[in-house]
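**Q** This is the structure I have questions about; it appears just below.
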Amino acid sequence: MRVVIAEDLALLRDGLIRLLEAHGMQVVEAVDNGPSLLRALLTHRPDVAVVDVRLPPDHTDEGLRTAIEARRQVPGLPVLILSQYVEQLYARELLAAQEGGVGYLLKERVSDVAQFVDAVRRVADGGTAMDPEVVHQLLSKRAHDEPLSRLTAREHEVLTLMAEGRTNAAIAARLSVTLKAVDKHVGNIFLKLGLPASEDDNRRVLAVLAYLEK
Amino acid sequence: MQALTGVTRAAARQRLRLTVRAAGLMFASCAGLLLGSVLITAIGMAWFVVLLPVLPILVATVRRFADAHRRWAAELLGTPIPAPYRPLPDGRLFPRLRVLAGDPATWRDLAWLFVNATAGLLLTGVAFSLALSTLGFAGLPLTWPILPVEFTAPPDGQELRSLTGDWGLVVVSDWPSALLASVQAIPMAALWWWATPHLMRVHARMTRALLAPTDAAMLTARVEQLAESRAETVDTQAAELRRIERDLHDGAQARLVSLGMSLGLAEEILANNPEAARELLAEARESTGQALAELRDLVRGIHPPVLADRGLAGAVQAVALAHPGEVDVTVELPGRPDAPVESAAYFAVAEALTNVAKHAHANRAWVQIWYDGGLLKLAVGDDGRGGARVQPGGGLHGLERRLAAFDGTLSVTSPPGGPTVITMELPCALSSPKTSPFSATD
């Protein structure tokens, strides 16, 4: 799997390279600013890009804007954004293009190596990886919503994990239940929220996120 | 056509009002002359100590009298005329007298009383008598028989009556001559129509020139206000720094200490009890996560990253997204304010929205931000239960004080039952929008 990394702090950049290469990925280029990132993404067309939101020269949200620009030129280019903080606004902008995998995680999630590598793989495969913090913000904003309050506690758990972008199999493993049980919960959730059922894991994830964003 | 009559009617109403005002001001200027004379006499007799307590009362009366004139003139000119008086100490007579005597406004008021009784009386008197003579001329065909007989013409003993008494300026003897004389009402009315607004404006300008604060008084008031808002700003900043220090001390610092302990312990028992060491390491990782979360919250409170990234529009949008409930955001800014103003505006809107969430019981809220005439204007409204007020110690009061550091103002309209609208204004300049190497990301 070919990866481009954009991170301006050398310490973190080297750490990311080491971490991903230790898990069998090939870092084709690691850059430290926005313009180089755009060039790198357009020349290498990597399987996934791991990008820090804040990059030189502006030190604002250059990473995010570059990634979105690159996805405009290369539709479906998978991008995983890392940030010290999460903003729903940015999650919404990332999700706006419905094509190709996107991820938006707090930087500190890197410390849970297995989960992080899983998220990178998921995004590379065209899936979604939303930070639990984003999902928490979305859910707490709609805490009093009528259809959401009809979910059982277990269905709530499943909804949360699904919004983070996890597949049914991953949810089953995480909650230590059978895949069949998860399928049933997902069916109930979609029924209660009035969402059209779908076979595809990621399409379900996007539907749930779109519902929560509404 | 109808619009035209509407305009004429409004103009006529305005002139009639001004004429009534002129009559009132005429009497007022005479009363003012009396008041001024009494005050001067009282000052002249101040050696007669028993009279001293009367002085503050007299001066206060003059001030109320002058305030009424300020209001009238301000209404006519369409600009407020602030009162220039220095604040009076409470209680003892002599300190009060000292402030009154030392306040130039006291003496300017006194001078105004006499100018008002001469030049002012002339202006209002002319306006009023123009109206009066128009009426007098117009009424001649009806009133001539009851006018007193002033002259008798010698040949046939014809009785001549005069509108102006024995000055004999307008003389009529019978109905046709009365009708002829009454034609003069037309030029007189035209003169009244044209001159009244001018005369009254001159009067109002004169009042403003004498009663508005002098530049020195304005500067003094401004310095006082600045000193006060600076002291408040310094207090707020200090409190904010204390809060940050405490948050760091109790939060991230404490967590790093416990992290170090967990790691040290894990190092010690790694050889003998790898399972327990693994548990400690997991705990340590958990601890870093919590420390980072606390630092994130702290940073958000100091300067939200999204504000740095996206400016006011994006940051307010982000706040609105996190708000429980619907918030419509409209931002129309041709550029970006300076960073401190931008930050103040952001926190003001965020706090107003927090208030909405906490107290308003609203279904919908809206935020409007625009720029007009050198002012950054922020309006936050909701359809909640209303009844929001600025009261000492309350959230809105704190907000008002923080805006005051930027010469900003806050006003609230919130009738019981709603809706509530909080309008804030911050004077500032906008920089031209920053050019970005990227296309817009919407």
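**Q** Among B:M188, B:V54, B:L140, which residue has its Cα furthest toward the positive end of the charge dipole of chain B, with +1 on Lys/Arg Cβ and -1 on Asp/Glu Cβ?
**A** Towards the positive end, the residue furthest out is B:L140.
**Q** Do you know the relative contact order of chain B, to the nearest whole percent, from alpha carbon pairs under 8 angstrom that are 6+ apart? Before the final figure, lay out each step's value.
**A** Numbers: 527 pairs, mean separation 47.9, N = 442.
11 percent.
**Q** Another question, then. Ratio of chain B's C-alpha Rg to 2.2 N^0.38 Å, to two decimals?
**A** Details: Rg = 36.0 Å, N = 442, 2.2 N^0.38 = 22.3 Å.
In units of the 2.2 N^0.38 Å rule of thumb, it is 1.62.
**Q** Report, as an integer, the average count of C-beta atoms from other chains found within 10 Å of each Cβ along B:298-311. Provide the component values of the computation, followed by the final result.
**A** Values: counts 0, 2, 1, 0, 0, 0, 2, 9, 7, 1, 5, 12, 5, 1.
Partner-chain Cβ atoms within 10 Å, mean over residues of B:298-311: 3.
**Q** Next question. What figure, in Å² to the nearest 10, do you get for the accessible area of A:Y85 with a 1.4 Å probe and non-protein molecules left out?
**A** Accessible surface of A:Y85 is approximately 20 Å².
**Q** Which entries in the list A:K141/B:K358; A:K107/A:K141; A:K141/A:K192; A:K192/B:K358 go over 25 Å, if you measure between the two C-alpha atoms of each? Walk me through the intermediate numbers first.
**A** Details: A:K141/B:K358 14 Å; A:K107/A:K141 23 Å; A:K141/A:K192 19 Å; A:K192/B:K358 29 Å.
Those over the limit are A:K192/B:K358.
**Q** Taking 2.2 N^0.38 Å as the expected size of a compact globular protein, what ratio does the Cα radius of gyration of segment A:147-213 give against it, to two decimals? Walk me through the numbers on the way to the answer.
**A** Numbers: Rg = 10.5 Å, N = 67, 2.2 N^0.38 = 10.9 Å.
Ratio of Cα Rg to 2.2 N^0.38 Å: 0.97.
**Q** Taking only C-alpha pairs under 8 Å that are 6+ residues apart, what is the relative contact order of chain A in percent?
**A** Numbers: 339 pairs, mean separation 29.1, N = 214.
So the answer I get is 14 percent.
**Q** Quick one: what Rg and Dmax do you get for segment B:46-201 from the alpha carbons, in Å?
**A** According to the Cα coordinates of segment B:46-201, Rg and Dmax are 25.0, 79 Å.
**Q** Ranked from the most accessible area to the least, with a 1.4 Å probe and all protein chains present, what is the order of A:L41, B:L295? Intermediate values should be presented prior to the final figure.
**A** On the way: A:L41 0, B:L295 65 Å².
Result, largest first: B:L295, A:L41.
**Q** What length, rounded to one decimal in nm, is gained on full extension from B:R71 through to B:A31, with 0.36 nm per residue of separation minus their alpha-carbon distance? Mind showing how you got there, number by number?
**A** Values: separation 40, 0.36 × 40 = 14.40 nm, distance 1.76 nm.
Extending this stretch completely gives an extra 12.6 nm.
**Q** Which value, in Å to one decimal place, does the Kirkwood hydrodynamic radius take for segment B:211-362 when every pair of different Cα atoms is included? Don't jump to the answer; show the numbers that get you there.
**A** Working: mean 1/r = 0.0502 Å⁻¹.
Result for segment B:211-362 stands at 19.9 Å.
**Q** Would you list which aspartates and glutamates come within 19 Å of A:K180, measuring only between C-alpha atoms, while excluding same-chain residues fewer than 8 positions from it?
**A** A:E155, A:E157, A:E199, A:D200, A:D201
**Q** Test of understanding: in a Gaussian network model of chain B with alpha carbons linked when under 10 Å, which of B:P213, B:P337, B:P141 would top the mean-square fluctuation ranking?
**A** B:P141
**Q** While we're looking at this one, here's another question. For segment B:1-57 and segment B:328-377, what is the separation of their Cα centres, given in Å?
**A** What the calculation gives is 44 Å, centre to centre.
**Q** Okay, moving on. Just checking the output field for A:51-63: average partner chain Cβ neighbours within 10 Å of each residue's Cβ?
**A** On the way: counts 0, 0, 2, 3, 0, 0, 1, 6, 3, 10, 8, 4, 0.
For peptide A:51-63, the averaged partner shielding equals 3.
**Q** Next up: Taking the Cα-to-Cβ direction at B:L241 and at B:R389 and moving 7 Å from each Cα, how far apart do the two end points lie in nm?
**A** With each label point 7 Å from Cα toward Cβ, the separation is 3.6 nm.
**Q** Ranked from highest to lowest mean number of other Cβ atoms within 10 Å per residue, what is the order of the peptides B:74-80, B:119-125?
**A** Working: B:74-80: 12.9, B:119-125: 19.7.
The packing order, highest mean first, is B:119-125, B:74-80.
**Q** Under the rule of -39500 (n - 2.57) per DSSP H run of 4 or more residues, summed and divided by the residues of the protein assembly as shown, what mean residue ellipticity at 222 nm is obtained, to the nearest 500 deg cm²/dmol? Show your work: numbers first, answer last.
**A** Values: 24 runs with 389 residues, N = 656.
Only helices count here, giving -19500 deg cm²/dmol.
**Q** If you don't mind, there's one more thing I want to ask. Quick check for me: using +1 on Lys/Arg Cβ and -1 on Asp/Glu Cβ, what's the dipole size of the protein assembly as shown about its Cα centre, in debye to the nearest 20? Intermediate values should be presented prior to the final figure.
**A** Numbers: 64 positive and 72 negative charges, 422 e Å.
Its charge dipole is roughly 2020 debye.
**Q** Place a +1 charge on the Cβ of each Lys and Arg in chain A and a -1 charge on the Cβ of each Asp and Glu, then give the dipole magnitude about the Cα centre in debye, rounded to the nearest 20.
**A** 600 debye
**Q** Separate question: Using a Förster distance of 41 Å, how high is the FRET efficiency between B:R13 and B:F114, based on the Cβ-Cβ distance and rounded to 0.05?
**A** On the way: r = 33 Å, r/R0 = 0.81.
Rounded to the nearest 0.05, the efficiency is 0.80.
**Q** Okay, moving on. Can you tell which of B:A291, B:A308, B:A276 shows the greatest fluctuation in a Gaussian network model of chain B with Cα springs below 10 Å?
**A** B:A276
**Q** Report the normalised scattering of chain A as log10 I(q)/I(0) at q = 0.13, 0.15, 0.16 Å⁻¹, calculated by the Debye formula with identical scatterers on the alpha carbons.
**A** -0.71, -0.91, -1.02
**Q** With +1 assigned to the C-beta of every Lys and Arg and -1 to the C-beta of every Asp and Glu, and no other charges, what is the dipole magnitude of segment B:320-442 about the Cα centre in debye, to the nearest 20? Show your work: numbers first, answer last.
**A** Working: 9 positive and 13 negative charges, 63 e Å.
Dipole about the Cα centre, nearest 20: 300 debye.
**Q** Mind pulling up the Rg/Rh value for segment A:135-183? Radius of gyration and Kirkwood radius, both on Cα. Let's see the in-between values first.
**A** Working: Rg = 11.3 Å, Rh = 11.3 Å.
Checking Rg against Rh, the ratio lands at 1.00.
**Q** Based on the alpha carbons, how large is the Rg to Rh ratio for segment B:322-422 when Rh follows Kirkwood?
**A** Looking at segment B:322-422, the ratio lands at 0.95.
**Q** Please identify, among B:G373, B:G408, B:G311, the residue showing maximal mean-square fluctuation in a Gaussian network model of chain B using a 10 angstrom Cα cutoff.
**A** Sorting by GNM fluctuation, first place goes to B:G373.
**Q** Checking the a/c ratio against 1.5 first, then a/b against b/c, what shape does the Cα gyration tensor give for the protein assembly as shown?
**A** Working: a/c = 3.61, a/b = 2.49, b/c = 1.45.
The shape class here is prolate.
**Q** Label 7 Å along Cα→Cβ of B:K377; segment B:390-426 residues with amide nitrogen under 15 Å?
**A** The answer is B:409-413, B:421-426, whose backbone nitrogens lie closer than 15 Å to the label point.
**Q** Could you check the simple spin-label distance between A:A210 and B:T288, using points 7 Å along Cα→Cβ, in nm with one decimal?
**A** For A:A210 paired with B:T288, the spin-label model returns 3.8 nm.
**Q** Identify the residues of segment B:321-354 with backbone N under 16 Å of a label point that sits 7 angstrom from the Cα of A:H144 along the Cα-to-Cβ direction, or state none.
**A** Within reach of a label on A:H144, which here means backbone N under 16 Å from a point 7 Å along Cα→Cβ, segment B:321-354 contributes B:322-327, B:353-354.
The values are calculated or read from the model by the stated rules, or taken from the named source; none is laboratory data. Note that this is a predicted model, so its numbers are computed, not measured. When we count neighbours, we look across all protein chains shown, and the Cβ atoms used for this are built from the backbone with ideal geometry, even at glycine. Surface accessibility is based on the protein's heavy atoms, side chains included, excluding ligands, DNA and RNA. Shrake-Rupley method; radii C 1.70, N 1.55, O 1.52, S 1.80 Å.
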